[in-house]
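Some notes on the structure that comes next.
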Amino acid sequence: MRHNKLFSAAIALGVIAFFTMGSVPCYSAPTPVPVTITGVYDFSTFPNVTGTFTASGALGNLSGTSTMNVGLNENGIRAHCVVTLTPSDGSGTIIIDQQCQFATSMPAPYPTGQGKGRWEIVGGTGAYANLNGNGSLTMPTSAQGFPEEAMIGFIYR
């Protein structure tokens, strides 16, 4: 008899605990979706340059204008750049910080002396207000002979 009372009390406490805990929020990590962003720039107005960009992957087929403010260190081996992408569809802006270095060569097929680095989306407006993404970048020359910023990475959704 005593065993049944103890067992019943344990079950009652278990049921009470179950219903008083409530639901525990479930968190799932953002899903990385591949993205490629390519900017082509006219450096005649260095360090504040303008150009165009195209994007594919997580951003869809997006294109528009781009500005880049280039901040070189004193010996020109490293640069911090702020890139603003403005899609031609008027959907907002994407702001990207780039950390670049020019001290080492890029892997083949790129010629030596071109830069490489990392990029991260740090802001945006409109449809891109809460956008998060990052990746690597290289700085090849376009088929037309203009400097490019080739960003490959992920948008996190």
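The values are calculated or read from the model by the stated rules, or taken from the named source; none is laboratory data. These figures come from a predicted structure and were not determined experimentally. Every residue, glycine among them, receives a Cβ derived from its backbone with ideal geometry; neighbour counts consider all protein chains shown. Please note that ligands, DNA and RNA were not included when accessible areas were found on the heavy atoms of the full protein model with its side chains. Shrake-Rupley method; radii C 1.70, N 1.55, O 1.52, S 1.80 Å.
Of everything in region 114-143 that's farther than 20 Å from THR52 by Cβ and crowded, with 17+ Cβ neighbours inside 10 Å, which residue is farthest from the chain's Cα centre (by Cα)? If you could, list the steps in order and put the result at the bottom.
The first filter runs over region 114-143 and keeps only residues farther than 20 Å from THR52 by Cβ, leaving 116-118, 120, 122-123, 129-130, 132, 134, 136.
Among the residues that remain, those that are also crowded, with 17+ Cβ neighbours inside 10 Å are: 116-117, 134.
Numbers: LYS116: 16, GLY117: 13, ASN134: 3 Å.
The extreme case among them is LYS116.
The strands (runs of 3 or more DSSP E) falling completely within region 1-100 that include 2 or more residues that are at pLDDT 90 or above and over 20 Å from GLU148 (Cα atoms) map to 32-42. Candidates PHE146, PHE102: the one that is among the hydrophobic types (A, V, I, L, M, F, W, C), surrounded by fewer than 15 Cβ atoms within 10 Å (Cβ to Cβ) and over 20 Å from PRO34 (Cα atoms) is PHE146. Counting only residues that are of a type in the set (Ser, Thr, Tyr), in contact with a Leu (Cβ under 9 Å, 6 or more places away or on another chain) and open to solvent by less than 70 Å² (accessible area, probe 1.4 Å), which one in region 76-99 is nearest to GLY39 (Cα to Cα)? Per the stated criteria, the residue is THR93.
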